[in-house]
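Here is the structure we will look at, set down as structure tokens.
Since every read-out is calculated from the coordinates, none of them should be taken as a lab result. Just so it is clear, the model here is predicted, and its values are computed rather than measured. We place every Cβ from the backbone using ideal geometry, glycine too, and count neighbours over all the protein chains shown.
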Amino acid sequence: MAVGRFDLRLFTRIDPAASALTIYLEGDGRAWIRRDRLSDDPTPIDPVALRLAAGDPTTSVAYIARPCQFMGGADARGCAPRYWSGDRYAPEVVEALNEAVEELRRRAGSPPVTLVGYSGGGTLALLLADRMRPGDRVITVAAVVDTDAWTAWHRVTPLAGSLNPIHAYTGSSGVAAVHLAGERDDIVPPDLTEAAMARLPAAARPLNRVERIDDFDHACCWAREWPAIIARLR
């Protein structure tokens, strides 16, 4: 799908007769080869969000890869390594994903949308929440809610070209968000997620809640347990 400056890879099984549509956003993927060297292609080795989408038992489901993933990396239209490093949550990335979400909604007959984002895809899902409609929902999975706190905790360079949900998200749409966090996650520790809730704008705090899940880390065991998790959340 061509949206804004990017071409996005999508996988869909959309049923126009369904009463709702669930859209999954992929994580940051293979952004780095090692701590001091960026990848040439951010396509994930293990596309967790794609596995979540595949495990969703409902009839109307779509998956959106992040810009440059599954498209040739830096050789893809509009792509450059900054879009999987400091600019991974840039305004133009948010705008492109918003266009894709709304096009998929149109194809499905404009039902309510549940937007599920894994890891960095969850960061973007929250950045999209203000643009969503009454009746929509956001679910983040092992996601960074405060990018400044997260980069400080890991002692890495701040994401200077990116939006931080703590500052950009207002809760103006009234769309509720659930943030799933693994107790054993050392990539996005659940304490960081809970601490971020207190720093959200006042209007957004009642719309957001964190659910900590025992024995899960950043990758395990979201895909394996997803059918039961998403059924319970619905």
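Here are a few things to note about the model shown:
- Residue in segment 96-109 that is within 18 Å of the chain's Cα centre (by Cα), buried (at least 16 other Cβ atoms within 10 Å of the Cβ) and outside any helix (DSSP H, G or I) present: no
- Residue, nearest to SER119 (Cα to Cα), within segment 80-95, restricted to residues that are of a type in the set (A, V, I, L, M) and not in a helix (DSSP H, G or I): ALA90
- Among residues of segment 110-131, those that are among the small types (Gly, Ala, Ser) and part of a helix (DSSP H, G or I), counted: 5
Yes or no, residue by residue, for (1) within 26 Å of ALA18 (Cα to Cα); (2) more than 16 Å from the chain's Cα centre (by Cα):
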| site | (1), (2) |
| --- | --- |
| GLY121 | yes, no |
| ASN164 | no, no |
| GLY174 | yes, yes |
| MET197 | no, yes |
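- The set of residues in segment 9-68 that are touching a residue at least 40 places away in the same chain (Cβ under 8 Å), under 20 Å from VAL188 (Cβ atoms) and in contact with a Gly (Cβ under 7 Å, 6 or more places away or on another chain) comprises LEU25, GLU26, GLY27, ASP28, PRO42, VAL48, ALA49, ARG66.
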